[in-house]
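First comes the structure, then the notes that go with it.
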Amino acid sequence: MGKVALITGASRGIGKAIALKFANEGYDIAINYIGNPDEALEVQKECQAFGVQAIIHEGDVTDYEAMDEMMKTVLEKLGSIDVLVNNSGITKDQLLLKMNTQSFMDVIDVNLKGTFNAIKAVSRIMMKQRSGVIINMASVIGIIGNVGQANYAASKAGVIALTKSVAKELAPRHIRANAIAPGFIATKMTDVLSDDTKTAILNNIPLQHMGEPEDVANVVYFLASDQAKYITGQVINVDGGMVM
Ligand code: NAP
C-alpha cells in the first residue's frame, strides 16, 4: 500500500488543490467534507484519474466522535494515515460591535476546535506508527489581525499556537507539525469579498496578484515530504509578500 494523505475540507478550494497534488504524487487520498457530496465525489474521481485510491468521508470537524470515527475508517480502508492536513475553515465576518457570540464561537469551533479534534484523533494512530506529518491551515490574518475578522483572526492565531504545542509534544514520536499562513487566495471564501475590499487587499500585496490554491498545495506537499524532515513547529506564509 502507498502513503496516505487525509485532507479535511477537500471538496473545493485549497483543500481540493491539496488532494489533487498529493494524488498526482502517488499518495492515496481521503477527502473529508461536510455539505457538498457532489463536489467531494468529483474530487475523488479526479484523484483516482492519477491511478491512486481515493475515498470520501463526510464528517463535521467540530464533532470529536465524528473525527475519531473518520480516522478509524480511513485506517481500515487505506492502511495508514501518513499525512493529516487540517484545512477545513469558515469565515463569519462582522465588525466587532455587530459580531454576536454565536458568530464568534462558530468560527472558533470549526477553525480551532476542529483542528484540535482531528489532531487528537489522528495522534494515537501516528504515535503507534511512530511517524506522521500534520499540516494546519492558519492565515496571515492570524498573525496581523483584520478589521471585521476578530473571530477568524483569533481562531487562526489559536491554530498557530496549537501547531507549536503539538510539534513539541509529538516530536519525540517522530511526528512533525507545521502551519501554513496563506494570504489572499482565489477560492469561494474570497469570492464573496466586494471589489473595493479586493482592490484594497491587492494594494498591500507586493507581488500584486491573488494566489492560487495550487500555490498553497505545493508548500503543503513540500512540508509533508522528506525534503522538510528537519522542519517542525513553523509557520510558512504563502502570501505574495503581504506579511514580512
Ligand atoms: P472554501 O473554498 O470555503 O472551502 C472550505 C472547505 O471546508 C470546504 O471543503 C468545506 O466543506 C469545508 N468545511 C467547512 N466547514 C466544515 C466542517 N464543520 N467540517 C468539515 N469540513 C468543513 O475555503 P478555502 O478558501 O479553500 O480555505 C481553506 C482553508 O484555508 C481554510 O482553513 C481557510 O481559513 C484557509 N485560508 C484561506 C484563504 C483564502 O484566501 N482563500 C486565506 C487564508 C487561509 P463543504 O464543501 O462540504 O461545505
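No lab work stands behind these numbers, since they all come straight from the coordinates. This one's a predicted model, so the numbers in the text were calculated from it and none came from an experiment. Neighbour counts run over all protein chains shown; Cβ positions are idealised from the backbone, glycine included.
General observations
- Between the amide H of ALA177 and those of ILE134, GLY233, distances stay under 5 Å, these residues lying 5 or more places away or on another chain, with hydrogens modeled in the peptide plane.
- For the range 49-62, backbone phi angles converted through the Karplus equation (6.51, -1.76, 1.60; θ = phi - 60°) give residue-by-residue couplings of 4, 7, x, 10, 7, 9, 10, 10, 9, 6, x, 8, 5, 6 Hz, Gly and Pro being listed as x.
- Degrees separating the helix 150-170 axis from the principal Cα axis of the chain, which is the longest one: 30 degrees
- Axis angle, to the nearest 10 degrees, between helix 114-129 and the longest C-alpha principal axis of the chain: 30 degrees.
- From phi via Karplus (6.51, -1.76, 1.60), per-residue ³J(HN,Hα) for the range 32-43 in Hz, x at Gly/Pro: 8, 7, 10, x, 10, x, 5, 5, 4, 5, 5, 5
- Between SER131 and LYS98, the FRET efficiency from the beta-carbon distance, with R0 = 45 Å, is close to 0.45.
- SER139 long-range amide H proximity, modeled H, under 5 Å: none
- Estimated vicinal HN-Hα couplings, Hz - the range 205-216 in sequence order (Karplus 6.51, -1.76, 1.60; Gly, Pro = x): 10, x, 6, 6, 8, 6, x, 10, x, 5, 4, 6
- Counting Lys and Arg as +1 and Asp and Glu as -1 over every other residue whose Cβ lies under 11 Å from the Cβ of THR91, the net charge comes to +1.
- Label-to-label distance, VAL147 versus ASN218, with points set 7 angstrom from Cα along the beta-carbon direction: 3.3 nm.
- Of TYR221, ASN146, MET127, farthest towards positive along the dipole that unit charges on Lys, Arg, Asp, Glu beta carbons give the range 124-222: MET127
- Taking a straight Cα-Cα cut-off under 19 Å and skipping sequence neighbours fewer than 8 places away in the same chain, the lysines within cross-link reach of LYS92 are LYS113, LYS156, LYS188, LYS198.
- Electrostatic tally near PHE104: other residues with Cβ closer than 15 Å to its Cβ, Lys and Arg +1, Asp and Glu -1, net +1.
- Between 0 and 90°, nearest 10: helix 13-24 axis offset from the chain longest Cα axis: 30 degrees
- Other residues lying with their Cβ under 12 Å from the Cβ of ARG173 contribute a combined charge of +4, Lys and Arg counting +1, Asp and Glu -1.
- For HIS209 and GLU76, the FRET efficiency from 1/(1 + (r/R0)^6), where r spans their Cβ atoms and R0 equals 41 Å, is about 0.45.
- Projected label distance in nm at ALA200 and GLU42, using a 7 Å step from Cα toward the beta-carbon: 3.1 nm
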